[in-house]
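Asks: Okay, handing you the structure first.
Rule-based calculations on the coordinates, nothing more; no lab input. Quick caveat, the model's predicted, so the values are computed rather than measured. Reconstructed Cβ throughout: ideal geometry from the backbone, glycine too, with neighbour counts over all protein chains shown.
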Amino acid sequence: MNFLKPKSIIIKGTGSYVPEKIVTNDDIAKVVDTSDEWIFERSGIRRRHFSVNESASDMAVKSAKEALESAGVSPQDIDLVIVTTVTPDMMFPSTACLLQAKLGIRNNIPCFDLEAACTGFVYGMEVATSMMQSGKYKNALVVSTERLNPLLNWEDRTTCFLFGDGSGAAVLSYGEEEGVGIIGNVLGADGSNTAVLKLPAGGSLLPTSAQTVADKQHFIQMDGKEIFKNAVRIMQEKALDVLDMCDVRPEDISLLIPHQANIRIIETVAKRIKIPREKVYVNIEEYGNTSSASIPIALNEALKEGRIKSGDYILLVAFGAGLTWGATLIKWH
Ligand code: UT7
């Protein structure tokens, strides 16, 4: 069978969703020894949204519906579903299969989860794009969805304030002209540095037991300083790599959408790659770090705010546990 290769692959629609419940830094200061000032100054975060009873797939449904609607693509026309998450509804089946059923997507297409921590969306875009380039898949739904609040250790003031819940989605489709859409992507990983950010128990290494619960092994453990150092170095390097690969200069970038982990990481990276602050999208103040959902939530907001126009170069760059990293360059259609 011959498949017609696409001229380009574009982001045809986007969507996002965050739960209603807002937790402020002052709320957190009632639980651990911290303050609004300290948290804001060190991280740029003021608030985060927490899911009370919505699972990762529940939130995914909401962001995906908005993405499908804005793309003008019906669930029946989706050929591929990729969900990126560190907080699947359950170990199996995949959250992608749960989402497929909830959205009424037809059943003869591939649906799977991809776990690359905070870099999930950038990984998901590369996997979807590569599969679509075969000509076999015309419309892909990539959804990043995270319910991190149950993983927070409320006795650890160094991590509990950082994270929030939410979901972001994109519909990728074939473009009608060449040279637009997703034009470059670099991905990488360093598995020798897994200890700096992890959730140790609940998998096959440390199955859930009374002991793992008592030892608080089901919560996020992080060496913040080590992550910070690596994130700054690697994000700037990979952002420049993808620009170089596509022969685009930093001054050509209209908007940098970095993973929202810490305002100081974001500002340092932007400065080092010489992208001025007004061309950097930041919403960490409102949501904290929503892991892989952070970039698609920001992308959807930037589009709605009119900050992205046809012909613009948009640069996405992410970094996360694994360690994993990636950067994507888009020329908006
Ligand atoms: O998606 C990737 C996920 N993770 C990240 O990106 C996290 C990257 N790392 C960070 O964002 C930063 O390392 C943090 C925001 C987590 C911490 O900022 P920092 O500037 O690296 O602070 P620190 O760990 O060096 O701590 C400075 C001081 C320490 O006190 P001493 O030892 O100097 O007396 C901490 O005990 O601040 C103290 N501290 C706090 N004080 C008030 C740590 N957490 C808190 C807190 N409130 N919540």
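Asks: Arrange the following residues from fewest to most other Cβ atoms within 10 Å of their Cβ: 49, 259. Intermediate values should be presented prior to the final figure.
Replies: Values: 49 20, 259 31.
So the ranking, lowest neighbour count to highest, is 49, 259.
Asks: Arranged by the count of other C-beta atoms within 10 angstrom, fewest first, what order do 241, 113 take? Mind showing how you got there, number by number?
Replies: On the way: 241 15, 113 23.
Taking fewest neighbouring Cβ atoms as first place, the list is 241, 113.
Asks: Hey, can you list the DSSP H helices of the chain whose Cα span along the axis is 15 Å or longer and whose average Kyte-Doolittle score is at least 0.5? Before the final figure, lay out each step's value.
Replies: Numbers: long enough: 56-71 (22 Å, -0.11); 120-133 (19 Å, 0.58); 224-246 (33 Å, 0.00); 294-304 (16 Å, 0.63).
Span-like helices in the chain: 120-133, 294-304.
Asks: Can you spot the lysines whose alpha carbon is less than 24 Å from residue 62's alpha carbon? Ignore those fewer than 8 places along the same chain.
Replies: 12, 21, 102, 138, 304
Asks: Let me ask something additional. How large is ³J(HN,Hα) for each residue in the stretch 308-320, as worked out from phi by the Karplus curve 6.51 cos²θ - 1.76 cosθ + 1.60 (θ = phi - 60°), to whole Hz, x for Gly and Pro?
Replies: Those phi angles translate into 10, 10, 4, x, 5, 8, 10, 10, 9, 9, 9, 8, x Hz.
Asks: Kirkwood Rh over Cα pairs of the stretch 272-323 into Stokes-Einstein at 20 °C, 1.002 mPa s: D in µm²/s? Don't skip to the end; give the middle numbers.
Replies: Numbers: Rh = 12.5 Å.
D, rounded to a whole number, is 171 µm²/s.
Asks: Further question: I need 246, 118 ordered by Cβ neighbour count within 10 Å, fewest first. Walk me through the numbers before you get to the answer.
Replies: Details: 246 15, 118 32.
Going from least to most buried by this count: 246, 118.
Asks: If you don't mind, there's one more thing I want to ask. If I take every Cα pair under 8 Å that is 6 or more residues apart in the stretch 42-144, average their sequence separation and divide by the length, what percent do I get for the relative contact order?
Replies: Working: 135 pairs, mean separation 34.9, N = 103.
Result for the stretch 42-144 is 34 percent.
Asks: Can I ask one more? Can you tell me what the convex hull of the Cα atoms of the stretch 196-333 projects to on average, as an area in nm²?
Replies: Numbers: hull surface 38.6 nm².
Spelled out: convex hull of the Cα atoms, projected over all directions, averaged, 9.6 nm².
Asks: While we're looking at this one, here's another question. Which Rg and Dmax, in Å, describe the Cα atoms of the chain?
Replies: 19.0, 64
Asks: Relative contact order of the chain, please, whole-number percent, based on alpha carbon pairs below 8 angstrom and at least 6 residues apart.
Replies: Relative contact order, the chain: 25 percent.
Asks: Give the peptides 160-171, 84-95, 33-44 in descending order of average Cβ contacts within 10 Å, highest first. Kindly include the intermediate steps, with their values, before the conclusion.
Replies: On the way: 160-171: 27.9, 84-95: 19.5, 33-44: 15.2.
My ranking of the peptides, most packed first, is 160-171, 84-95, 33-44.
Asks: Among the aspartates and glutamates, which fall within straight-line cross-link reach of residue 238, defined as a Cα-Cα distance under 15 Å, with same-chain neighbours fewer than 8 residues apart omitted?
Replies: 126, 190, 247
Asks: Let me ask something additional. Output ³J(HN,Hα) for the stretch 149-157: one whole-Hz value per residue in order, computed from phi by the Karplus curve 6.51 cos²θ - 1.76 cosθ + 1.60 with θ = phi - 60°, and x for Gly and Pro.
Replies: Couplings: 4, x, 9, 8, 8, 6, 10, 10, 6 Hz.
Asks: Below 8 Å, C-alpha to C-alpha, sequence gap of six or more: please give me the relative contact order for the stretch 104-211 in percent. It would help to have the intermediate numbers written out before the result.
Replies: On the way: 72 pairs, mean separation 22.3, N = 108.
The value is 21 percent.
Asks: Just from its helices, what would the mean residue ellipticity at 222 nm be for the chain, if runs of 4 or more DSSP H residues each count -39500 (n - 2.57) and the sum is divided by every residue, rounded to the nearest 500 deg cm²/dmol? Kindly include the intermediate steps, with their values, before the conclusion.
Replies: Details: 10 runs with 105 residues, N = 333.
Result for the chain: -9500 deg cm²/dmol, rounded to the nearest 500.
Asks: In the chain, what percentage of the DSSP-assigned beta bridges are antiparallel, given to the nearest 5? Let's see the in-between values first.
Replies: Details: 39 of 56 bridges.
Just about 70 percent of them are antiparallel.
Asks: Rank 138, 238, 102 by mean-square fluctuation in a GNM of the chain with C-alpha springs under 10 angstrom and give only the top-ranked residue.
Replies: Largest GNM mean-square fluctuation: 102.
Asks: Most mobile of 76, 236, 221 per a Gaussian network model of the chain (Cα springs, under 10 Å)?
Replies: Comparing 76, 236, 221 in the GNM, the peak value goes to 76.
Asks: Post the alpha-carbon centroid distance, the stretch 114-138 to the stretch 23-91, in whole angstrom.
Replies: Computed from Cα coordinates, the inter-centre distance equals 20 Å.
Asks: Given H placed on each backbone N at 1.01 Å, which residues far from residue 289 in sequence or on other chains put an amide H within less than 5 Å of it?
Replies: Close amide H contacts, sequence-distant or interchain: 163, 164.
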